[in-house]
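For reference, the structure discussed in these notes is given below.
The values are calculated or read from the model by the stated rules, or taken from the named source; none is laboratory data. A quick note: this is a predicted structure, and the numbers were derived from the prediction, not measured. So basically every Cβ, Gly included, is an ideal-geometry build from the backbone, and we count neighbours across all protein chains shown.
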Amino acid sequence: MTKPSQPPFTGRTEDRRFLTGAGRFVDDIELGRQAYMALVLSTHAHAEIRGIDTTTAAAMPGVLAVLTGADVLADGLGPVPPFFMPKLWGGPDGYGTLRPILVTDHVRCVGDRVAIVIAETRDEARLAAEAVDIDYAPLPVVTGARAALADDAPRLWADCPTGNLSCTLRLGDAAATAQAFAQAEVTLKRRLISPRVAPSSLEPRACIGVHDAAEDRFTLYTSSQDPHGFRAVIARNVLKIAESRLRVVSPDVGGGFGLKAHMHPEDALVLWAARRVGRPVKWTATRSEALLTDTQGRGQEVEAEIALDRDGTVRGVRVEAWHNLGAYFWGTATPPIFFSLQLIPNTYTIPAVDLTTHAVFTNTAPMSVYRGAGRPEATFVIERLMDEAAAEIGMDPAELRLRNTIAPEAMPFTTPTGMTYDSGDFGGMIRIALDRGDWAGFAARRDAAKGRGRLRGRSITSYVEVAGVMNERMEIRFDPDGALSIIAGTHSHGQGHATVFSQMVADWLSVPLDSIRYVQGDTDTVLIGRGTFAARSSMLGGTALMRAKDALIERAKDMAAIVLEADRAAVEFSDGMLRVTGTNKAIPLTEVAKLYYLPAGPANALGIGLSGAGTAAGKPGAAPNYPNGVILCEVEVDPETGAIVVDRMLALDDVGRVLNSTICEGQIHGGIAQGLGQALLEEVTYDEDGQLTSGSFMDYGLPRAGHMPHIESHLLEVPCTTNPLGVKGIGESGAIGAPVAIVNAILDAVRPLGVGSLDMPVTQVRLWSALRAAEEMRGAA
Amino acid sequence: MNTFDIFRASTLDGAVAAFRDHGDAMYLSGGMTLVPSMKSGLAAPGLLVDLSAIKGLRGIAREGNMLRIGALTRFSEIIASADVATAIPALGAMAAKVADRHVRNRGTLGGSVANNDPASDFPAAVLALGATMVTDRRRIAAADYFTGLFETALEADEVLAALEFPIPDAAAYAKHAHPASGYAVAGVFVARFGDDWRVGVTGSGEEGVFRLTQAEQALQQGGIKAAEGLNLGELELLDDATFPAAFRAAAIGWLLRDALAQL
Amino acid sequence: MKLEGSFTVARPASEVWAALNDPAVLGAAIPGCERIEQTEGGYDATVALKIGPVKARFSGQVTIAEAYSPERLVLTGEGSGGVAGFARGAATVVLTPAPGGTEVSYEAEVTIGGKLAQIGTRLIASTSRKLAEQFFASLNAQLSTRTEAST
Amino acid sequence: MTTLTLSVNGSTRRVTTEDRTLLVDLLRGPLGLTGTHVGCDTSQCGACVVRLNGETVKSCSVLAATLDDGAMVETIEGVASDGALHPMQQAFSECHALQCGFCTPGFVITAIDMAERHPEGLSAAIVRAELKGNLCRCTGYQNIVAAVLQGAAAMGVPVPEREVSQ
C-alpha cells in the first residue's frame, strides 16, 4: 500500500467554459424554428383512462399538435423493454415490462406520460397541456413492495404470471447457511430499509428532437451519460429505424448519477414530435416534473440475519429483501437488484450466505441506477449487521471487522456470491484509519461531548465496490497539422475526463496538452461508446486509450521505418520521437503524423491518416476491479432535540493507481455528500394514494454546505491486477460507505439510551421520536 | 405561466384603483412566494399590481419609542439597519433567519406579513411586539390582524403600507427551520416590556401565528426560570407526516428556552 | 387523508337532516362555493379554494351514496381543479340525538392529487381540516340562525 | 408587453418582453446569456443567481417587467474581464470546486458578492452559512468552501491562513 505521488493540481481543462458561463447544456441550445413540448402526466397513481379530450388544448394559442398514446400506436412507434433483465447476468427469468412512450388506457404511477403538447413557446405548451382533459377511472393503489405481494393487492400487470412479482434472485447456499446458523453461538435479525431517493442532478433532464426531412434522419440533443445506448434503444425499439438514421448528441451534462444512464420517454417523444410538426422540438423538465418523472434510486426493505460466535467469528449471513421496482421494469434496474445481494459479503471472509431479493411492481416511479446502484444497499445491510453483532457480543466494532477481514495474502479471493477480488488490503486500510482517525482517543471526545450535554457516537465502515462493466473503445487521431483528438467512448459529465485522459495522452506521446482536442458525446463522431456510469471510465476508458496509443505508435513506426530508411523492427518510440535503435536517426511523432496526411508519398501505400483505436473489456455482472475503502465517522446528537451533527469524517480509499488525486478526492467528497443526504435528509415519499408528496425542493431536501462536515480524505494505492494501468474505479465510492457510516455512528451515540434501530433518513424528527419512545420504555421499566 | 399584465403603481391610491378596476388582480411585493406559486400554476391572477415603485413604502425609521418599517422594506435592509440594531436587534436577527441571502435581497416584510403564511417568521414578531399594521386606509392592531391560516383582517384590495413596532426592553427569536424549504417548523419570539412578557409562536399553529399565553403567564409570575418545563401538550398544533404535533410542541419548548437564553 | 370531527346543534335531528340535504344551505356552508345544483342522486358544484397565494377552482360532482334519514348520510365525490389537481373522497355524517339537540359527527377520507399534493404538502392537511371545520361551523351557524328566526 | 432598458454586464440593452417573462428567461433567451441556469422552480437551488443593482437575487423569481429602467444586471458572462479569469473563478478552478459545472455560475456570483460584503474577513464557517442559498450535487461543497476562501483572499479579504491551505 503506497501513497500516490502527484503533481500539484492546477485546474481542469474543461473548467474555463463553466466558470465563464460558456458551458453548453441542452437547454442552452437554441435551434431555428424551435418549438416546445409539454407533458401531460397522470395525476393518478393507478387508473384506467376512459377518455382523453384534446379539443380545448388543440385550439389554444400557439399549439401545433396534441398527441396521445393512440397517435403513438397509429404511427407504429414501439414500446421500450428493460435494457436487460437479470437473466443476462445469470439470474432468474422474470417479467419485464414493455413501456410505451405514451400510455393508452392504463396509468400505473403518478407521472406516467399520457399526452404531449407541442407549441410555439414553453408557456403556451404548458398551458395547453393543462387543458387536456382526461377521464380517469381510479383503481386501488399499492406503493410498498411487500404490500404489493399480498394476495389481495391491486395488480399492475395483468399478464405478469406472478402477480406483482417480476423476479426473485437468489445467491449463496441456503443449506450451508442454515447449518452455520444452527451452529453459531449468537444470531440476530434486523429489519433494514434503504428508502427511495431522487438522483436530482442539478441540471434537470432536457432534450431537443430534430428531424431532417431531406435525409429522413433524426438528431437528438439530450442530457445523457450514454449517447450510444440512447441511440440503440430509441432507434431499434421506438422509431424502428437503422441506428445510422439517428444521431445522438450529449453536450455538457449537469450531473448524471445514474439518472441519465438510460433514456426516458421524453427522449423519444421529442424526436417523434419533431417529425410530426416538422420543426425542432425542445423539452426541459421543471424540477417538479423531474421529481415526478425521473427514475429513482434504492428502495429496498431487508430482513437481515447474522450468525457468529462470541469470539467474533462470523459464520453466516441470511437476507430476504424486497426491491421496489415501481410501475415498470425500466432501464438498468437489474444492477441494483444484483449488487444489493452480491456485495453483501463485503471485505469479510463470511463462509456462508443465503441471499434472496424480490423485485416487485408498485404504483410508484420506476427504480433504476443511482450512484452506487445496489452497492450502498448491500453495504448498509452488512455494516449494520456487523455493528449490531459487535454490540451484542460486547466487542469493539473495529475489532470485529478486523477478525473477519479478508487478508491481502488471500488474494485473489472469491466471495460466496461469486466475486473474485484481485487485490486489496482491507485490514491494513482499517488499521490506518483507526490510527489516522484516533479511534483510541474517542472515549475522551465522548466524555467531552457529554460535558456539553451531547451524545457522541462513532463508526467504522469497510466497503468494497465493483467497477468496470462492459467494454469500451477509445480512439486517438492525429489531424493533418499534427494536432490530435481523443475520440472517447466514455462520457464525462463532471468527472474531468478531458483533463485526465488528455494528460495521459500528452504524457505518453510527449505532445503539448493544448494540442489535444477532447471529443465525446456525439454518435456521429464517436464510432461506439458505452458512456460513463458504475465507475467504469478510468479502467475501461483508460486501458482502451492506452491500447489506442499503442496501436497508433505501431502505425507510426511503419512510416518512420520508411522515412528513416530503417528496419521496421528497429524503430522505437520514446519522448515523442520515433528512433532507430543504435543510431541517431529520429523523427518526431507529429512529423510522422503530418506525413500520413500528405497528398502523395508513403501514405499512398500505408493508408491516409494516423490514428489508433483501442478496446478494453470487462465482464458483464462480474466486473474486474474492486475499489474499496474505510470511513470513520463521528457524530454528536442532542438528546433533547434529536439534532445531529456529523462532526468528523475520515475517508480512506484504495482506488488502485491514482490518475489524478484531486479529481479522485472530489469524487469522494461528492459521493459522501450524496450518502449524507440519503442518511439524514432525502426520501421520496408517496402517500397511501400513491401521490408524490416530495414533489419540490421545498420538501425534498438536498444537503447544503452547512450540512457537510470537513472530509479528511486519503488515497492509498493497492494496484489493480486486472488492467495494465493498475487503476480501480472511484465514482461511487463515497456514496457506498457514507450512509451506513453515519447511521451506525448515530446508533452508537443513542444505543445507551435504548434506541436500537433507526430508518433512513434519520431526520431530526425521526431521531427525536425514537429517543422519546425509548424514554417512555425506560420509564415503564 | 398564464398571461398576465403588470401594473407598476407609483402611488398607493393608484395601486388600489388598479386592483379594484381589474377584478382578478393580486399585489406583488418581493414576489418570493407569489412568483413561484404562479410558476407552478397554483396562482394565476390576470393583473399583478407591483408595489415596489411606490415611494414611501420602503425604509426604516425610529420614531420615539416605536420603530416604523415600510412594508416594502426588504429583509436584507432590516438586517443592515442601524436603527433596527439599536432599537430591536431581534428583528434583524429574525430577518437573517429568513431563507437565504438571495431571497432576503428581494423578500419584504410586508409580503411576509400580508400573506400570514403559517410558516413565515415575521408574524411571530408582529404579534409578540404588538405591532400596528398601517394600511392605505387604517391602522390595525396585531391582536386583530391575524385571523387564521393565510388570513388577515386586510380587505381584498387593502395594501399594507408600514408596520410600527413598539420597542421592547428585550426581545429574541429562535427558530427550527424545515431542512429543505427553510420555512419555520416552529419559531418563538419573546419580548419583554417592563414586567410584561409576550411570546409569539409561528410555524406550528393550526390557525397560524399565536401567542403562547402559558409561557407569558409563567414568565410574568416567575421570571425566566418559570418558563422551563411548561406543558405544551394541549396546544392545537399543525400535525403532518413530516412534523408531528408532538415534535412541534417539544420544539416550541426548547425554542422558548433558547430565545430566553439570548436575552 | 382522514378528517373527522363532531359538534352539537341545538335542533332536532330531522331539521339538521333537512339542512344537510338542502343545496341552498350546503352552498352557503361550503367555503368558497360558487355554484351548487341538485342532480339526480347528488349535486354538481364549483368551489373556489384559496390558500394563501394559491387559488384553485374545483368543479365536480357529489353523489349521495347512502341516506338513512335522519341518521346517517354517506357522500362520495370528486372534483377537478385543473392545473391544481383533483380531490376525491367519501364522507360519512352521523346524526345522534344528544341532550339539547343533535350531535353531528363526520368522518371523511380524502385524496388530493396532482400539483397540490406534490408541492403543497405543507398546506394541505391543515387547510383541509380548516375547510371542514368552516363548513360545519357555518352549517351550525345557519341552523342556529334559523332557530332564532323560528322562535 | 413591456420595453425595458437594462444595463447588462455594463452594456445597455433594450428589450421588449411579455409581462410574464422572468429575469432568468430574459437573460437566457433574448439576451443570449445562457450561463445563468435554472435548477428548480421554487427558489431553492441558486443556479440562477445574478446580481441585480449590486445585490444577489434568484433570477427565476424576479419578473423582468418589474425592473426599473436602467437596472443593473451582472451575470457570470460579465465576471471575467478581457479574457482573464476573475480571482474567484481562478480559485474555483485551482481548488477543483466544480465538477459538472451547472451550479457553478450561481456559486461564483454568490462567492464574489460574499467576499465583497465581508471586507473584515471570512472563515470557513461563515462561508458554509452564506452558501445556504446554493445547491451543488457534485462536489460535497468542501472544495467550494476552499475556493471561496482562496478567491476572497486573492481579492484582499482577510482569511485565516490555515483555512486557505486546507
Tell me the residue from B:ARG198, B:ARG248, B:ARG192 that is within 14 Å of chain A (Cβ to nearest Cβ) and at pLDDT 95 or above, please. B:ARG248
Limited to segment A:234-250, what total is found for residues that are part of a helix (DSSP H, G or I) and surrounded by fewer than 19 Cβ atoms within 10 Å (Cβ to Cβ)? 5
Could you please let me know if A:VAL740 is part of a helix (DSSP H, G or I) and modelled with pLDDT of 95 or more? yes
With of a type outside the set (Ser, Thr, Tyr), crowded, with 20+ Cβ neighbours inside 10 Å and more than 30 Å from A:SER340 (Cα to Cα) as the only criterion, which of A:ASP75, A:ASP123 stands out? A:ASP123
Taking the conditions exactly as written (of a type outside the set (Asp, Glu) and farther than 30 Å from B:VAL49 by Cα), does B:VAL201 satisfy them or not? yes
Filtering segment C:68-95 down to residues that are farther than 17 Å from C:ASN21 by Cβ and either assigned to a loop (DSSP other than H, G, I, E, B) or touching a Leu at 6+ places or on another chain (Cβ under 6 Å) (or both) yields C:GLY81, C:ALA84, C:GLY85
Failed item in (1) in a loop (DSSP other than H, G, I, E, B); (2) closer than 20 Å to A:GLU717 by Cβ, with A:ASP653 passing the rest: (1)
Please work out if D:MET1 is surrounded by fewer than 21 Cβ atoms within 10 Å (Cβ to Cβ), in contact with an Asp or Glu (Cβ under 9 Å, 6 or more places away or on another chain) and hydrophobic (A, V, I, L, M, F, W, C). yes
Here is a check on your reading of the model: is B:VAL103 surrounded by 24 or more Cβ atoms within 10 Å (Cβ to Cβ) and in the same structural domain as B:ASP258 (by TED's automatic domain parsing)? no
Counting only strands (runs of 3 or more DSSP E) wholly inside segment B:1-110, the ones holding at least 3 residues that are over 30 Å from A:ASP123 (Cα atoms) are B:60-63, B:66-70
Checking D:PRO158 against (1) over 20 Å from A:THR10 (Cα atoms); (2) away from chain B (no Cβ under 14 Å); (3) touching a residue at least 40 places away in the same chain (Cβ under 8 Å); (4) out of contact with any Pro (no Cβ under 7 Å at 6 or more places or on another chain): exactly one of these is not met. Which one? (3)
Restricting segment B:149-169 to residues that are within 25 Å of B:GLY194 (Cβ to Cβ) and among the charged types (D, E, K, R), the residue that is surrounded by the most Cβ atoms within 10 Å (Cβ to Cβ): B:GLU164
Any idea how many residues of segment A:1-38 are in contact (Cβ under 8 Å) with a residue 40 or more places away in the chain, surrounded by fewer than 24 Cβ atoms within 10 Å (Cβ to Cβ) and away from chain D (no Cβ under 13 Å)? 7
Close pairs from segment A:659-670: first facing chain D (nearest Cβ under 7 Å) and at negative phi, partner charged (D, E, K, R) and not in a helix (DSSP H, G or I), Cβ under 8 Å, at least 6 apart: A:ILE663/A:ARG12; A:GLY670/D:ARG137
Taking D:VAL148, is it crowded, with 24+ Cβ neighbours inside 10 Å, part of a helix (DSSP H, G or I), at pLDDT 95 or above and aliphatic (A, V, I, L, M)? yes
Taking the condition in contact with a Ser or Thr (Cβ under 9 Å, 6 or more places away or on another chain) and of a type outside the set (Asp, Glu), does D:MET155 pass? no
Applying the selection to segment D:115-129, what residues are surrounded by fewer than 23 Cβ atoms within 10 Å (Cβ to Cβ) and without any contact (Cβ under 8 Å) to a residue 40 or more places away in the chain? D:GLU116, D:ARG117, D:HIS118, D:PRO119, D:GLU120, D:GLY121, D:ALA125, D:ILE126, D:ARG128, D:ALA129
Take D:ALA97 and decide whether it is in contact (Cβ under 8 Å) with a residue 40 or more places away in the chain, more than 8 Å from every other protein chain (Cβ to nearest Cβ), in contact with a helix residue (DSSP H, G or I) (Cβ under 9 Å, 6 or more places away or on another chain) and in a loop (DSSP other than H, G, I, E, B). yes
Based on this model, can you work out whether A:ALA273 counts as more than 14 Å from chain D (Cβ to nearest Cβ), under 12 Å from A:ILE208 (Cβ atoms), at pLDDT 95 or above and not in a strand (DSSP E or B)? yes
Would you call A:LEU291 in a helix (DSSP H, G or I), among the aliphatic types (A, V, I, L, M), within 20 Å of A:ALA175 (Cα to Cα) and in contact (Cβ under 8 Å) with a residue 40 or more places away in the chain? no
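Rundown of residues vs (1) surrounded by fewer than 16 Cβ atoms within 10 Å (Cβ to Cβ); (2) away from every other protein chain (no Cβ under 14 Å), yes/no style:
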position	(1), (2)
C:LEU3	no, no
C:ARG11	no, yes
C:GLN38	yes, yes
C:ASP44	yes, yes
C:THR102	no, yes
If I filter segment D:135-143 for residues that are part of a helix (DSSP H, G or I), at pLDDT 95 or above and charged (D, E, K, R), do I get at least one hit? no
Residue within segment A:164-176 that is closer than 25 Å to A:ASP267 by Cβ and either of a type in the set (Gly, Ala, Ser) or free of Cβ contacts under 8 Å to residues at least 60 places away in the same chain (or both) present: yes
So A:LEU292 passes all but one of these: (1) among the aliphatic types (A, V, I, L, M); (2) out of contact with any Ser or Thr (no Cβ under 8 Å at 6 or more places or on another chain); (3) more than 14 Å from every other protein chain (Cβ to nearest Cβ). Which condition number does it fail? (3)
Failed item in (1) away from every other protein chain (no Cβ under 14 Å); (2) in a helix (DSSP H, G or I), with A:GLU776 passing the rest: (1)
Would you confirm whether or not segment D:53-70 contains a residue that is more than 13 Å from chain B (Cβ to nearest Cβ) and under 25 Å from A:VAL26 (Cα atoms)? no
Residues in segment A:586-637 that are of a type in the set (Gly, Ala, Ser), part of a loop (DSSP other than H, G, I, E, B) and surrounded by fewer than 17 Cβ atoms within 10 Å (Cβ to Cβ): how many? 5
Give all pairs with beta carbons closer than 8 Å in which a residue from segment A:111-122 that is at pLDDT 95 or above meets a residue that is of a type in the set (Phe, Trp, Tyr) and part of a strand (DSSP E or B); count only pairs at least 6 apart in sequence or on separate chains. A:ILE118/A:TYR36; A:ALA119/A:TYR36; A:GLU120/A:TYR36; A:THR121/A:TYR36; A:ARG122/A:TYR36
So which of A:LEU758, A:LEU716 is surrounded by fewer than 24 Cβ atoms within 10 Å (Cβ to Cβ), outside the structural domain of A:THR490 (by TED's automatic domain parsing) and in a strand (DSSP E or B)? A:LEU716
